[in-house]
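The values are calculated or read from the model by the stated rules, or taken from the named source; none is laboratory data. Predicted model, so just to flag it, every value in this text is computed and none were measured. In this analysis, Cβ positions are derived from the backbone assuming ideal geometry, glycine residues included, and neighbour counts consider all displayed protein chains.
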């Protein structure tokens, strides 16, 4: 069937990943039941990884297809989806093993950096390569720490307060959705569309956080979201010439804003007040980034040498 | 596009019997590498690359004709800055990743009054052998007495063959190329 162009884009960018993600989280929710028995083992968060990673991968395969050894940097995002899924499964299954978690995160960030910067690394001086890899590795891990703390700032009502709740799920999905808009608005429809696919895969997590508040799905989903969003932002930063440097930095900074909710004066406040402060802190940097993207768009139109002809 | 240009140049050289093993340097200011692509299946849209460099060898024996051409992908120009930036992104040329488009000829044969040039076109990091027909436009003296020669090739490629598969329903897979080169004899 020859579907209209916008319908196909919607299917690739949103409907398919949302469907894959919904299937995974609904299956997890049904398996867990509405209220687990007190003596039942604590539910684990690994199904969250199966919502985000495969959801994103399904859209990626439709949009870009699969090549085992891609010739272009964007082609490695499919491999990043597999890596993100594996990482999310490990973190969902063994949430208490912090050293293992951070060691695997460091390796995953390095792999994404090497795959994304491969064309650049051969052109840069050795000192630049070392500085770039070290600096970006630290930036990636700080972003990861920020999304961890975002979950901690917005705990759920389940037995695991660090697993994040409905507000954290909405916050993460909002972060990814806003980032997708910023990537697309900065000049790469591909990165914007893939960001939209990631946001669509994250959306059902919020639904499940409301439906089954005891399920710590963000344990497995958040690592996958963090790695894939980081990879998309890295692509945008280095391969979308029109993107202002401040935009990816503001995206990576944004989750730290949610940490305002962890400040001592706010810790004892009602949950909705903490959630409001966290949301404001999260989205303010993204709003600033949106302003920069808009400004750059208007400037590009004003600089058009043929404008008015 | 580069391949077409190369083929055109080679063919022109071979079609000029008075020349024997002459090497020409591409004069970018009098050369043109342009493309046309169908937009939304309703119209044909044109653009060009402004940074073109290379050399070609013209000889009466087609087997001795050759061309090497390099185009900077970032020099794409469609008379709209925002669109040019989009074309430079990963959606299309990904110029930060694939800085150049190039063509290097491997063989040439006469075909009527034109030359048929084979060579390797490298675009978006993918190299493929193509064959193009090259027309000799003319050969003669320049303003300072230097020898000049001009060639043109028109051909069509599929961008998906080169891994440029994004938005194929918005912008056609088939891309028409026009490579028109003027060279100055070294």
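Out of the residues in the stretch B:135-168 that are touching a residue at least 40 places away in the same chain (Cβ under 8 Å) and part of a loop (DSSP other than H, G, I, E, B), state the one that is nearest to residue B:30 (Cα to Cα). The selected residue is B:142.
Taking the stretch B:96-127 as the range and being within 14 Å of another protein chain (Cβ to nearest Cβ) and out of contact with any strand residue (DSSP E or B) (no Cβ under 6 Å at 6 or more places or on another chain) as the test, the residues that pass are B:96, B:97, B:98, B:99, B:124, B:125, B:126. Only one of B:91, B:84 is touching a strand residue (DSSP E or B) at 6+ places or on another chain (Cβ under 7 Å) and either within 14 Å of another protein chain (Cβ to nearest Cβ) or in a loop (DSSP other than H, G, I, E, B) (or both). Can you tell me which? Just a single option satisfies the conditions, and that option is B:84. For first residues located in the stretch A:288-309 and at the interface with chain B (Cβ under 9 Å from one of its Cβ atoms), partners that are assigned to a helix (DSSP H, G or I) and at pLDDT below 90 and lie 6+ apart or on another chain with Cβ distances below 6 Å form the pairs A:300/B:81; A:300/B:82; A:303/B:81; A:304/B:81. Residue under question is residue A:233, and the condition is that it be over 19 Å from the mean Cα position of the chain (by Cα) and either within 14 Å of another protein chain (Cβ to nearest Cβ) or in a helix (DSSP H, G or I) (or both); does it hold? Answer is no for this residue.
None of A:181, A:203 is within 14 Å of the chain's Cα centre (by Cα), away from every other protein chain (no Cβ under 14 Å) and surrounded by fewer than 21 Cβ atoms within 10 Å (Cβ to Cβ) except A:181.
In the set A:269, A:244, only one residue is within 14 Å of chain B (Cβ to nearest Cβ) and not in a helix (DSSP H, G or I); that residue is A:244. Say whether the condition of being modelled with pLDDT under 95, crowded, with 18+ Cβ neighbours inside 10 Å and over 27 Å from residue A:250 (Cβ atoms) is met by at least one residue in the stretch A:109-128. Checking the stretch A:109-128: not a single residue is modelled with pLDDT under 95, crowded, with 18+ Cβ neighbours inside 10 Å and over 27 Å from residue A:250 (Cβ atoms). When you scan the stretch A:70-92, do you find a residue that is at pLDDT below 95, surrounded by fewer than 15 Cβ atoms within 10 Å (Cβ to Cβ) and touching a helix residue (DSSP H, G or I) at 6+ places or on another chain (Cβ under 9 Å), even just one? For the stretch A:70-92, residues at pLDDT below 95, surrounded by fewer than 15 Cβ atoms within 10 Å (Cβ to Cβ) and touching a helix residue (DSSP H, G or I) at 6+ places or on another chain (Cβ under 9 Å): absent. Of all residues in the stretch B:148-163, count the ones that are buried (at least 21 other Cβ atoms within 10 Å of the Cβ), over 30 Å from residue A:65 (Cβ atoms) and more than 13 Å from the chain's Cα centre (by Cα). Adding up the residues that qualify gives 1. Hey, does the stretch A:253-261 have a residue that's free of Cβ contacts under 8 Å to residues at least 40 places away in the same chain and surrounded by fewer than 17 Cβ atoms within 10 Å (Cβ to Cβ)? No, every residue in the stretch A:253-261 fails to be free of Cβ contacts under 8 Å to residues at least 40 places away in the same chain and surrounded by fewer than 17 Cβ atoms within 10 Å (Cβ to Cβ).
Here residue A:26 passes the criteria (1) in a helix (DSSP H, G or I); (2) touching a residue at least 12 places away in the same chain (Cβ under 8 Å); (3) surrounded by fewer than 19 Cβ atoms within 10 Å (Cβ to Cβ); (4) within 14 Å of another protein chain (Cβ to nearest Cβ) except the one numbered (4). For the residues B:79, B:108, B:60, B:74, the requirement of being surrounded by 17 or more Cβ atoms within 10 Å (Cβ to Cβ) and more than 30 Å from residue A:118 (Cα to Cα) singles out B:108.
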